[in-house]
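Heads up: the structure comes next, in structure tokens.
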Amino acid sequence: MGLDFTVVPGYLDIILLGVVWTIAITLGAAILSFFGGIFFAVIALYGPWFVRLPFRAFEWLFMGTPLLLQLFLIYFGLVQIGIDLPAFVAGVIGLGLHFAVYNSELIQTAIIAVDRGQMEAARTLGLSRGQALRKVVVPQAVRDVIPPIGNNMIALLKDSALVSVIGVSELTLSAQRAIGNTYRPFEFYVVAAAFYYVINLGMEWVLRRIERRVQAAR
Amino acid sequence: MDIDLMMRVYPFFLKAAWVTVQLSIYTAILGLACGALGASMRLSRLAVLRFLGAAYVSVFRGTPALIQLFILYFGGPQIGIQLNAFEAGVIGLGVNIGAYMTETIRGSIIAIDKGQREAARTLGLSGWQAMRKVILPQAARLMIRPLGVNINALIKGTALVAAISVVELTYTAQRYIGSTYKPFEMFLLSGVLYMIIIYGTGQAIKWLDRRARIV
Amino acid sequence: EELDTIKEKGVLRIAMSGAYPPFNFVNDQNEVVGFDPAIGVEIAKRMGLEAEIITTNWDGIIGGLLANKYDAIVGSMTITEERDEVVDFVGPYYTTKRAIFTKPGSEFTSIDQLGDAEVGVTLGETHEEWARERGWSVRTYKGLPELLLELENGRVDVIVNDSIAAILAMGEKGQEFETIEFETEEFGAGIAIREGNPALAAEMQAALDAMMEDGTYVDIAMEWIGADIR
Amino acid sequence: MTDDQTPFLDIRNAQKSYGDLEVLKDISLQVQRGQIVAIIGPSGSGKSTLLRAINDLDPLTGGEVWLEDMQINKKLPHRQYEKHINQVRQNIGMVFQHFNLFPHLSVRGNVTLAPKMLKGLSDAECDKLAEEQLDKVGMLDRIDYYPSQLSGGQKQRVAIARALAMKPKVMLFDEATSALDPELVEEVNLVMKKLAEEHMTMVIVTHEMGFAEAVCDRVLFMDQGVVVEEGPPSKMFRNPDNERTQNFLKKHLANANR
Amino acid sequence: MTDDQTPFLDIRNAQKSYGDLEVLKDISLQVQRGQIVAIIGPSGSGKSTLLRAINDLDPLTGGEVWLEDMQINKKLPHRQYEKHINQVRQNIGMVFQHFNLFPHLSVRGNVTLAPKMLKGLSDAECDKLAEEQLDKVGMLDRIDYYPSQLSGGQKQRVAIARALAMKPKVMLFDEATSALDPELVEEVNLVMKKLAEEHMTMVIVTHEMGFAEAVCDRVLFMDQGVVVEEGPPSKMFRNPDNERTQNFLKKHLANANR
Ligand SMILES: Nc1ncnc2c1ncn2[C@@H]1O[C@H](COP(=O)(O)OP(=O)(O)OP(=O)(O)O)[C@@H](O)[C@H]1O
Ligand SMILES: Nc1ncnc2c1ncn2[C@@H]1O[C@H](COP(=O)(O)OP(=O)(O)OP(=O)(O)O)[C@@H](O)[C@H]1O
Ligand SMILES: [Mg+2]
Ligand SMILES: [Mg+2]
């Protein structure tokens, strides 16, 4: 049984649709994980204890369990308590929160590392603590962790494959569907891998450009 | 919440957790081996090896582990690689995490001050002797924590082999969900076990790191 | 011909999803039980072989057969032309109907209304393509448990599934449901093996026929299904 | 309208301890409107602590600080205090040794951040303000640069412009030139001299004795948390009464001649 | 047996470029057995590069380096070259500005690593060797310490002992004292003086003019990749011919007097 890539073109439309979904999920989750990460970091550092403690537990939960399980819970679990999320939204939220927790760790460290003089300077100008955080400290912290956050974004793209388990027709599920029709797993998985790789290269390129731009403001 | 059911099936979850642990251990060992090999290729004098090392990292970090696993498991036989699911899981995940570990190991090695290598070389040590006696012992300490992060990702990644039917923790949960229609009880069981495994590993790594730092 | 190698090893490796009660599922003892394994074991026994039950995800189950991870699928697989092109079928070893279920009191009472409905199906089953051909809005899930959850949750309005499994599963869960009546042919569930093994196929078929003859089949069916589903 | 006798800035019996360590021991200091006061003294004598107490950045453990007829270091419930102190600080410009420019903002952004957020100026007004202030410190041509692209002296001039943009009533300088290379000190001193000529009220912690003598109305010598001696620069630098002052100046004037 | 006329260490027309940048321009230097040569010159003049060319750590782009009757920088196939250079380097001890002690090894481990690996000495022999060498630099009592537990001066003395343990024929020092606090310089200089008294052949890059004058037989002044002037220390430091040398020394002697 040899390899036969001639079966692929017939399913290219399904695959390309999968690519679009994959990009959509990745983009949505990336945005959520970025801003969520900032939000969590600020909460973890400056929130009152009754917010900080539950947050710690929440963080623990996300760090300590596989994404696969989290996706199941968000999609099939939340609806039991009346929160009905479409699969796509559940996927974005699951992926997004998962990586938001990782980003939050990075940003927390970076916030602590921002020179104390920056907060002081902002405060002497009359800015309140919140204003100083928002305009002076957090932007610098975020800028300092752009490269590792970029790494997380790329990991996120690849983990978007897991969203197939809750039935979003992204690239992996599209490949599986094509395989279900043709029973040619190897060919379609290779094609899917190639698409992932290309998207990955694209993301790396964008991230390099962002890093270079951010470099100016150091 | 069906506590009764949970009490009945939890021994099987324990057994499955043991499979997850075994998977994790084998995968970690293979990953470390791949990482060491990859790092030495990336740091090699020969351009060909450097290129191969870079390509390995790029491809295996650039595509989803799930897909790599599928290709190996379902596609492998088409090119004559027959593996059972457990073997495929270990090899697939190990080679994948090895790409990440390559970068971790390489990073720690190049983080060692250039002067260390120079000093060893001036004493007349060969490149390999300097690496073995001077650079690696120092780099080994630097890499404990970042490798710990890789291993944490790896443990969670073992859930992927559920997709190729290794009956580990996640697949056990899935099978029971299919048979009992009680998803939350099953996820709770597997979630708690994952947290215990991950917490334990984290502590072990912290301990190693502290010990290595004493001098 | 693989019959010889199988006989040589003395073991018949049989695959199923392990998550399709009552046909195949995991019991409290973590054993895979149900109608399918019972049939599989019986066939193996009659061929003088040990049976080894392997559970694997449904969406990769044919891939695994082709990849020689096991020798046969006794997993309630509906015989279709497309599948027949890549595998050979022995059987059918039971027949069932396609059925469409709704929640009681649903606005959808006839098949003609389903153009406006969210239809849930299992990924890779024949029902998925059937529903898509009708131009319905289809959502795919990993398995029957998810389908039933979603029907209950209201994210899908109707589900399309094999009638027996669904009815039994709903009974098990205590779920209320209604069916939509429509014209449908019967489907045969077959045992899938790799192509080009006529001797293996013949010997399995013979074993199956024999157990249907001597009443063993009915005993198994009564035990797990509660009806003769030949 | 303040009477000429009531001081503009008034520090009354300031005390500050870190645990057992008494850093400020009952210090009082009055500054009239338009006056320029220099604080000198050895390292660790409490100069920075005193300066930072003025805008309550290092709150005192005892004593009061008044600006015109308002007490700065009032005890208030948290929310009210925050509102009060942010108000107060807008009136007090501060310049640090290490500039503390915001590296992620351009020069323009640094200067306009506070006015925009706190005074709600429009973008056009902000630009005008920034240009005005940067012109004053001779940095107008660098308005779109980032701090990392500036020399130390230029950074410090931008920091001064940033403080001035809030139109403060008092300016505090904490060793504004001591992190600078010798060639760069002069350009910052020039800016401070210009402010002096415009009668800005200033309190300056410095190690530059020559500059202090040239610019200030009054000099305070601090050591170990107390004001050892104070007086007009002519007297303080030429013939101080106190022996500690004499010793300190001897060392510092010797170094200056290197 | 080398004739007294043939130099012990011989650098012939050394040239080195990094891309377009010519760092060494046709430099020649002969060192007799037991001679001590100091190289001085401004930063970036190529002193380190020249020193590091001697044991081929920064290979030259042109010219030859000979030790006794063996060419050091031979062109050889990779494997052979590696064998050759590791052999050569055992004869050339080198001490760096930043010590480069191995932090994961004790003092003993640092000193014995190379002898153990390269000369195959037994543990007992190694211990004896380590004690001998550490005694010479006055560090015997610290034999089981780790580098992180030593002061800068102590680290440098261990680094010297480590180099000496290979019984080198030549010792190279690249600003061995310039990362040290002034109080610690002396203890390292003493060790180097002792080596001088034992007639070790040495090439020393240094900024310590006083030390160079006291210890060396010959001084080389380099600037911009060429040897501007060379001669005995008495002449070089008292009345150098060349104007550039004069300027350089003026600055350096002034600083030294500070
Ligand atoms: N946060 C703090 N905790 C404890 N002690 C402190 C703190 N800040 C300052 N001190 C101590 O208070 C004393 C006065 O410090 P201050 O910074 O006011 O001195 P200074 O006169 O400005 O010295 P310098 O010229 O070095 O800036 C010092 O002994 C210092 O160690
Ligand atoms: N790897 C390199 N790549 C490019 N240029 C280099 C490299 N190493 C050294 N240089 C350049 O070569 C010149 C000489 O450097 P070298 O280190 O020999 O100077 P030096 O006399 O030792 O100075 P210093 O007193 O500062 O140690 C310098 O201009 C330096 O910038
Ligand atoms: Mg101070
Ligand atoms: Mg140098």
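Just name the residue that is farthest from A:G28 (Cα to Cα) out of those in segment A:154-169 that are more than 13 Å from chain B (Cβ to nearest Cβ) and of a type outside the set (S, T, Y).
Applying the first criterion (more than 13 Å from chain B (Cβ to nearest Cβ)) to segment A:154-169 yields A:167-169.
If we keep only those that are of a type outside the set (S, T, Y) as well, we get A:167-168.
Details: A:G167: 17, A:V168: 14 Å.
Looking at residues that are more than 13 Å from chain B (Cβ to nearest Cβ) and of a type outside the set (S, T, Y), I get A:G167.
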*Do the conditions hold for B:G124, that is, is it within 8 Å of another protein chain (Cβ to nearest Cβ), assigned to a helix (DSSP H, G or I) and either on the phi > 0 side of the Ramachandran plot or surrounded by fewer than 23 Cβ atoms within 10 Å (Cβ to Cβ) (or both)?*
no
The condition of being open to solvent by 30 Å² or more (accessible area, probe 1.4 Å), among the β-branched types (V, I, T) and within 14 Å of chain A (Cβ to nearest Cβ) holds, among B:I79, B:I67, only for B:I79
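Has segment E:156-164 got at least one residue that is surrounded by fewer than 19 Cβ atoms within 10 Å (Cβ to Cβ) and either away from ligand 3 (no atom under 16 Å from the Cβ) or closer than 25 Å to E:P233 by Cα (or both)? Let's see the steps before the verdict.
Start the filter on segment E:156-164 by keeping residues that are surrounded by fewer than 19 Cβ atoms within 10 Å (Cβ to Cβ), which leaves none.
Scanning segment E:156-164, I find no residue that is surrounded by fewer than 19 Cβ atoms within 10 Å (Cβ to Cβ) and either away from ligand 3 (no atom under 16 Å from the Cβ) or closer than 25 Å to E:P233 by Cα (or both), so the answer is no.
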The residue from C:A207, C:A201, C:A192 that alone is surrounded by 13 or more Cβ atoms within 10 Å (Cβ to Cβ) and either polar (S, T, N, Q) or not in a helix (DSSP H, G or I) (or both) is C:A192
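Select from segment C:42-91 the residues that are away from chain B (no Cβ under 14 Å) and free of Cβ contacts under 8 Å to residues at least 24 places away in the same chain and list them in ascending order. So that I can check it myself, show each step before the final result.
So in segment C:42-91, the residues away from chain B (no Cβ under 14 Å) come out as C:42-51, C:72, C:74, C:77-85, C:87-91.
Scanning segment C:42-91 gives C:K45, C:E81, C:E82, C:D84, C:E85.
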Checked pairs for segment B:1-12, first facing chain C (nearest Cβ under 10 Å), second surrounded by fewer than 16 Cβ atoms within 10 Å (Cβ to Cβ), C-beta under 7 Å and 6 or more apart or across chains, list as B:R8/C:D28; B:V9/C:D28
Among strands (runs of 3 or more DSSP E) entirely within segment D:17-134, at least 3 residues that are within 14 Å of chain A (Cβ to nearest Cβ) and farther than 27 Å from D:H199 by Cβ occur in none
A:W60 meets each of (1) within 11 Å of chain B (Cβ to nearest Cβ); (2) at pLDDT 90 or above with one exception, condition (2)
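Considering segment D:72-100 alone, what residues qualify as being touching a strand residue (DSSP E or B) at 6+ places or on another chain (Cβ under 8 Å) and of a type in the set (F, W, Y)? Please lay out each step first, then the result.
Just the residues of segment D:72-100 that are touching a strand residue (DSSP E or B) at 6+ places or on another chain (Cβ under 8 Å), to begin with: D:72-73, D:88, D:91-97.
Scanning segment D:72-100 gives a single hit, D:F96.
For segment E:19-28, name all the residues that are crowded, with 16+ Cβ neighbours inside 10 Å and either closer than 18 Å to E:S178 by Cα or more than 16 Å from ligand 4 (Cβ to nearest atom) (or both). It would help to see each step written out before you state the result.
Filtering segment E:19-28 down to residues crowded, with 16+ Cβ neighbours inside 10 Å leaves E:22-25, E:27.
Of everything in segment E:19-28, those that are crowded, with 16+ Cβ neighbours inside 10 Å and either closer than 18 Å to E:S178 by Cα or more than 16 Å from ligand 4 (Cβ to nearest atom) (or both) turn out to be E:E22, E:K25.
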Check: Out of all the residues in segment E:132-154, is one or more out of contact with any helix residue (DSSP H, G or I) (no Cβ under 6 Å at 6 or more places or on another chain), among the aliphatic types (A, V, I, L, M) and within 16 Å of ligand 4 (Cβ to nearest atom)?
Finding: no
Within segment B:132-181, of all residues that are assigned to a loop (DSSP other than H, G, I, E, B) and either closer than 30 Å to E:L118 by Cβ or within 9 Å of chain C (Cβ to nearest Cβ) (or both), the one modelled with the highest pLDDT is B:V167
Cβ pairs under 6 Å, 6+ apart or interchain, first in segment B:135-158 and without any contact (Cβ under 8 Å) to a residue 40 or more places away in the chain, second part of a helix (DSSP H, G or I) and small (G, A, S), ordered by first then second residue, are B:A139/B:S108; B:L142/B:S108; B:L142/B:A111; B:M143/B:S108
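Within segment E:40-65, work out how many residues are within 27 Å of B:L125 (Cα to Cα) and either crowded, with 21+ Cβ neighbours inside 10 Å or within 16 Å of ligand 4 (Cβ to nearest atom) (or both). Walk me through it before giving the result.
Filtering segment E:40-65 for residues within 27 Å of B:L125 (Cα to Cα) gives E:46-65.
Retained after the next criterion (residues that are either crowded, with 21+ Cβ neighbours inside 10 Å or within 16 Å of ligand 4 (Cβ to nearest atom) (or both)): E:46-55, E:57-58, E:60, E:65.
The number of residues fulfilling the criteria is 14.
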Checked pairs for segment A:196-211, first in contact (Cβ under 8 Å) with a residue 24 or more places away in the chain, second basic (K, R) and surrounded by 14 or more Cβ atoms within 10 Å (Cβ to Cβ), C-beta under 7 Å and 6 or more apart or across chains, list as A:Y196/A:K158
The correct count of residues that are on the phi > 0 side of the Ramachandran plot and either within 16 Å of ligand 2 (Cβ to nearest atom) or in contact with a Pro (Cβ under 6 Å, 6 or more places away or on another chain) (or both) in segment E:154-191 is 1
When A:L85 is run through (1) buried (at least 16 other Cβ atoms within 10 Å of the Cβ); (2) more than 14 Å from chain D (Cβ to nearest Cβ); (3) assigned to a helix (DSSP H, G or I), the failure sits at (3)
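Hey, any hits in segment C:97-114 for a residue that's at positive phi and either in contact with a strand residue (DSSP E or B) (Cβ under 9 Å, 6 or more places away or on another chain) or open to solvent by 40 Å² or more (accessible area, probe 1.4 Å) (or both)? Walk me through it before giving the result.
Start the filter on segment C:97-114 by keeping residues that are at positive phi, which leaves C:105.
Those left that are additionally either in contact with a strand residue (DSSP E or B) (Cβ under 9 Å, 6 or more places away or on another chain) or open to solvent by 40 Å² or more (accessible area, probe 1.4 Å) (or both): C:105.
Within segment C:97-114, one or more residues are at positive phi and either in contact with a strand residue (DSSP E or B) (Cβ under 9 Å, 6 or more places away or on another chain) or open to solvent by 40 Å² or more (accessible area, probe 1.4 Å) (or both).
The values are calculated or read from the model by the stated rules, or taken from the named source; none is laboratory data. What you are looking at is a predicted structure, and each value in this text was computed from that prediction instead of being measured. A quick note on method: Cβ atoms are made from the backbone with ideal geometry, for glycine too, and the neighbour counts reach across all protein chains shown. To get the accessible areas, we keep the full protein, side chains included, count just its heavy atoms, and leave off ligands, DNA and RNA. Shrake-Rupley method; radii C 1.70, N 1.55, O 1.52, S 1.80 Å.
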